[in-house]
Amino acid sequence: MSHPPSQPRTPVFAANWKMSHGPTETGAFVERFTARHSRRSDATVVIFPPAISLAAFAAAASDRPDLEFGVQDVHTELEGAHTSGISAAMVPATGATWALAGHSERRREFGDTDADVGRKLVRILEAGLRPVLCVGETLEERESGRLAAVLETQIREAIRPLDRESRAGLVYAYEPVWAIGTGRTASPADAAEAHAIVREQLARAEGCDAERTAILYGGSVKPANIEALLSGPGVDGVLVGGASLDPDSWAAICAAGG
Ligand code: 13P
C-alpha cells in the first residue's frame, strides 16, 4: 500500500458531478469555468466528473494542471468479471488523482457497506490516489441523537483495513444525508459540531493525524452560503453537487475564502 504524505489543511473545493455532464457538456464546462477561474496557490480545486467524461475532462483541462480531478467510486476488486466496475488500478492512466469512497448515494442506491468502503479505500490508496471518505447521518439518525455514533462507526469500520501509515492520507467529507440535494444546508454550527466529532474520532484512531486532516462539508453548498460555511471552525473545504454543475456558480464557490 502506498503512503501518501500527510497534507496540511489546504482548503479543498471539490465538485461531485454525480451522473451529470457527459463528455460534450464536460468540454463546454471546462472552457467556461477556466475563463472565470484563475489558479489559486492557496487552495485545491478538484472535480469528480462521471467516469465516462474523464477523458473529455483531461483533454479540455490539459493546459490547467491546477485543476485536479478524480473518480466518484471504485470497485472493491482490481479486475475481472465485474460488469461496469471501475478498477482503481486503471484510474491513474486517465490522469485522475483522487477518488471518492462511501458517498451516501452509493450506500443507499448500491448498498455499499462500511466494510465495502474500507476495501475501496485500500484499492484507492494502493493505486496512489487521494481518497475522500464520505460520511454522514440521515435525518432519522440525527433526530434520534445518534449523530456521533453514526459518524464514529462509519469512520472506524472504513479505516479498519488500512495500515496505520496510510490512514493519515485520507481527506474526509461530512455530508449530512438530509442536506444533500434538498436545499436544506446544515447551519455553520451544525457543520462545526459534526466536524469536531470527526476530528475527535481521528484523534482517537491509531495512525490518523487529526490536526492535519482536511474535513470538507457537503450538502446544498452554493455561492450564497459558502463563506459562512467555510468560516466555521474545522471546516477545511466543501464537496459540492448541484451548484458545481454550472461553471459560473462553481467559479463563485471556488473564489471563496480567498
Ligand atoms: P448537493 O450539493 O447537490 O446537495 O450534493 C452534495 C453532495 O452529495 C456532494 O457529494
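The values are calculated or read from the model by the stated rules, or taken from the named source; none is laboratory data. Because the structure is a prediction, the values reported are computed rather than measured. Reconstructed Cβ throughout: ideal geometry from the backbone, glycine too, with neighbour counts over all protein chains shown. We work out accessible area using only protein heavy atoms, side chains counted, and drop any ligands, DNA or RNA first. Shrake-Rupley method; radii C 1.70, N 1.55, O 1.52, S 1.80 Å.
For (1) within 25 Å of Leu229 (Cβ to Cβ); (2) open to solvent by 10 Å² or more (accessible area, probe 1.4 Å); (3) not β-branched (Val, Ile, Thr), each residue gets a yes or a no:
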position	(1), (2), (3)
Phe13	yes, no, yes
His21	yes, yes, yes
Glu25	no, yes, yes
Arg32	yes, yes, yes
Arg39	yes, yes, yes
Pro50	no, yes, yes
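I want to confirm something. Restricting to the range 77-100 and keeping residues that are without any contact (Cβ under 8 Å) to a residue 12 or more places away in the chain and not in a loop (DSSP other than H, G, I, E, B), which single residue is most open to solvent (accessible area, probe 1.4 Å)?
Checking each candidate, the answer is Met90.
Out of all the residues in the range 42-52, is one or more touching a Lys or Arg at 6+ places or on another chain (Cβ under 8 Å), within 16 Å of the ligand (Cβ to nearest atom) and either in a loop (DSSP other than H, G, I, E, B) or modelled with pLDDT under 95 (or both)? Step through it out loud before you land on a result.
Let us first name the residues in the range 42-52 that are touching a Lys or Arg at 6+ places or on another chain (Cβ under 8 Å), namely 50.
Within this subset, residues satisfying the condition of being within 16 Å of the ligand (Cβ to nearest atom) are 50.
So of that shortlist, the ones also either in a loop (DSSP other than H, G, I, E, B) or modelled with pLDDT under 95 (or both) come out as 50.
Yes, there is a match, as at least one residue in the range 42-52 is touching a Lys or Arg at 6+ places or on another chain (Cβ under 8 Å), within 16 Å of the ligand (Cβ to nearest atom) and either in a loop (DSSP other than H, G, I, E, B) or modelled with pLDDT under 95 (or both).
Does Leu229 satisfy being open to solvent by less than 10 Å² (accessible area, probe 1.4 Å), within 17 Å of Glu137 (Cβ to Cβ) and touching a residue at least 40 places away in the same chain (Cβ under 8 Å)? Show your work before the answer.
On the way: open to solvent by less than 10 Å² (accessible area, probe 1.4 Å): yes; within 17 Å of Glu137 (Cβ to Cβ): no; touching a residue at least 40 places away in the same chain (Cβ under 8 Å): yes.
No.
If I filter the range 199-226 down to residues being within 15 Å of the ligand (Cβ to nearest atom) and outside any loop (DSSP other than H, G, I, E, B), which single residue comes out as surrounded by the fewest Cβ atoms within 10 Å (Cβ to Cβ)?
Selected residue: Ile226.
Can you find, within the range 129-152, the residue that is nearest to Gly102 (Cα to Cα) among those that are open to solvent by 50 Å² or more (accessible area, probe 1.4 Å) and away from the ligand (no atom under 15 Å from the Cβ)?
Taking the candidates together, the pick is Glu152.
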